[in-house]
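Worksheet: the structure to be examined is printed underneath.
The values are calculated or read from the model by the stated rules, or taken from the named source; none is laboratory data. For clarity, every value in this text was computed on a predicted model and none was experimentally measured. All Cβ positions, glycine included, derive from the backbone under ideal geometry; neighbour counts span all protein chains shown. What goes into the accessible areas is simple: the full protein's heavy atoms, side chains included, and nothing from ligands, DNA or RNA. Shrake-Rupley method; radii C 1.70, N 1.55, O 1.52, S 1.80 Å.
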Amino acid sequence: MKKLISILVLSVFLVPALFAASISSPAATVKLTTNEVITRDQLASEVEKYKAAGYSNVTDSDVLEAMINEIVFIQGAKRDGYYVDDRTLDSIYLSQKQNIEAQAGQSLTDKEFEDMVVSQYGSVDAYKDYLREQSIMNQYVPAMKADMVENVAQPTDRDITNWYRKNQTSIFSQGYMVRVSVITFARSSDEAVDKASLAKANEIYSKIENGTLTFEKAVQQYSEDTSSKSKGGDVGWLVDSDVSRQAVGDEFVDTVMELDVGEIKGVITTPSDYVIAKVTASEEAKILSLDDYVSPDSNMTVREYIRQGLLYQNSQYAFLNAYQSLIDDLKSQAKINRLIK
C-alpha cells in the first residue's frame, strides 16, 4: 500500500514536470488588455524568418521588440474599436487580386492568385493576416495620431532641384524614341493557320507598297488587334530597351528604330503576330530638363513628377513616425516583462 501511494505521489509530481518540459520557456510576457506570452521557440522562429529575408545582422532582442510592438498594437486597436471582420477581409483579399490583374493586364484564376500568394507569404492565411494588420493600421494610426499624419512636409524648390541633380542622368535620360502604328495578323500554334496569316500580311503589305491601299484603310479593314485598331493602329512610343525587346522581339525593335517618320515596313515577325509597322513620329535622345514632360504623351513635367514623389516619401515618413509614437504610448500603458537580454 505504501509503495502504491509513493508511486501515485511520484506521478503527481512527474506529470507536471514532463508537461512543463514540453512547453518552450517564455522570452517575454505582454499585457495591455490580455496577457500574452512570447515563447523562446516563437522568437527563434521569427528570427529565422528575418534572416531568411536578408536581415542577417538582426538580434534576438530586435526581433523580440518587434513582436512586443505587434502585440500591443493589436490589443490597443481592438480595445479602441479598430478591427477588420472576416467578411471585410475577404473583400480586401479579392480587391488585391483585382489590382494585380489590372497591373498585369490579364485575369487570374483563383488558383493562380493563391499560388502567387503562397510563393510570397507561405500561405493564404499568412497573407490575410498581413492584409488585416495593414487595414487596421491604416485606420488606427491616423485616428489616434491625426496631427502627425496630416503634418506632412511639402517639398521645396530646393529639394526638387537637388533630387533632380542627383538623378538626372540615371532616371531622366531619355533614349531615342519612335511612335508606331501597326497592322497585325495573329500567330498561333497551328502551322497551317500561321502560313495563311503570313500570306495575308504579305498580300496587304504589297498593296500598301504599290499604292492600291493606304495604311490607314488597311488598319481598319484587316488589323486583328482591336485595341490599337480603334486608334488608327497606334500603339504608342517605343524605346530600345530590354523591356521592349522582351515584349515585341528583337526583329520588331531593330526594324522600327531604323525607319524614318512616315516610313512603312512589313512583314515583321513578333512573338505573337505578323506585323506591318509605320513610324508616325520620333523624339531624339536627350536628358530631360525640369520643365520637360516625363514622356511625349504625358502632361506631367519632371518637376511635378519629383514633387509628387518627394511628397509621397514625406507622407510615408510622417506615417511611420506616427506609428512609432502610438506604439510608444501603448507600451507605456502595458505591462511588459522581457526575460531575455
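Structure notes:
- Test: residue in region 106-124 that is under 30 Å from Gln220 (Cβ atoms) and either within 26 Å of the chain's Cα centre (by Cα) or in a loop (DSSP other than H, G, I, E, B) (or both): yes
- Val239 vs. criteria at negative phi and open to solvent by less than 60 Å² (accessible area, probe 1.4 Å): yes
- Scan of region 270-302 for residues that are β-branched (Val, Ile, Thr), part of a strand (DSSP E or B) and open to solvent by 40 Å² or more (accessible area, probe 1.4 Å), ordered by number: Thr280, Ile287
- Any hit, region 303-312, residues being open to solvent by less than 50 Å² (accessible area, probe 1.4 Å), of a type outside the set (Lys, Arg) and over 30 Å from Pro142 (Cβ atoms): no
- Val141 open to solvent by less than 30 Å² (accessible area, probe 1.4 Å), closer than 30 Å to Ser272 by Cα and not aromatic (Phe, Trp, Tyr): no
- Residues (in a helix (DSSP H, G or I), touching a residue at least 24 places away in the same chain (Cβ under 8 Å) and either surrounded by 13 or more Cβ atoms within 10 Å (Cβ to Cβ) or not hydroxyl-bearing (Ser, Thr, Tyr) (or both)) located in region 162-180: Trp163, Tyr164, Gln168
- Counting only helices (runs of 4 or more DSSP H) that sit wholly inside region 181-253, those with at least 1 residues that are over 26 Å from Ile171 (Cα atoms) and in contact with a Leu (Cβ under 9 Å, 6 or more places away or on another chain) are 191-210, 215-222.
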